[in-house]
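Peer 1: Starting off with a structure, shown below.
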Amino acid sequence: SIPLGPDTTARGRQIVPGVRGNSVRRAAYTLHRRGFHVSLQGTGIVTHTSPAAGDSAQLGTIVTVWAE
C-alpha cells in the first residue's frame, strides 16, 4: 500500500512532483515513490511532464516524462 503523505488527498489523488532538470532515472524513481506509473519519452534530462508538476492526479495515473 502507498503511504498517505502530505500531498495525498482523501480521494486518492496526489500532487505530481516537479522533476524537471532531473535525470529520467531519478524522475521515474520519484514518481513511482509517489504512486504514479511512468511513460518515458526520450533520454537524458527531464524537460516536462504530463500531467504537469503541481497538478493533482489519481494515484496510479501514468505520468509521461519528456527528456532530452
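Peer 1: Can you list residues from other chains, or at least 5 along the same chain, whose modelled amide H is less than 5 Å from the amide H of VAL63?
Peer 2: The list, which skips near neighbours in sequence, is HIS37, VAL38, SER39.
Peer 1: Let me ask something additional. Just tell me the longest site-free run in the chain, where the sites are trypsin sites (Lys or Arg not before Pro) in a DSSP loop having at most 16 other beta-carbon atoms within 10 Å.
Peer 2: Details: sites that count: ARG11, ARG20.
In short, 21-68.
Peer 1: Let me ask something additional. At 1.4 Å probe size, put ILE15, ILE62 in order of accessible surface, largest to smallest.
Peer 2: Working: ILE15 60, ILE62 105 Å².
My answer, sorted largest first, is ILE62, ILE15.
Peer 1: Moving on to the next point. Between 0 and 90 degrees, rounded to the nearest ten: what's the tilt of helix 24-33 against the longest Cα principal axis of the chain?
Peer 2: That works out to roughly 10 degrees.
Peer 1: Another question, if that's okay. Carbon and sulfur: what percent of the chain's accessible surface (1.4 Å probe)? Each step should come with its number before you reach the end.
Peer 2: Working: 2200 of 4360 Å².
Carbon-and-sulfur percentage of accessible area, whole number: 51.
Peer 1: Once amide H atoms are placed 1.01 Å from N in the peptide plane, what residues at a sequence separation of 5 or more from ILE45, or on another chain, have their amide H within under 5 Å of its amide H?
Peer 2: GLU68
Peer 1: OK, next. Skip the ligands, DNA and RNA, and give the accessible area per residue of the chain with a 1.4 Å probe, whole Å². Write out the running numbers ahead of the final one.
Peer 2: Details: 4360 Å² over 68 residues.
Here the residues of the chain average 64 Å² of exposed surface.
The values are calculated or read from the model by the stated rules, or taken from the named source; none is laboratory data. Treat the numbers as computed from the prediction; the structure is a model and nothing was measured. Methodologically, a virtual Cβ is constructed for each residue, glycine included, from the backbone with ideal geometry; neighbour enumeration extends over all protein chains shown. Areas reflect the complete protein model, heavy atoms only, side chains present, ligands, DNA and RNA absent. Shrake-Rupley method; radii C 1.70, N 1.55, O 1.52, S 1.80 Å.
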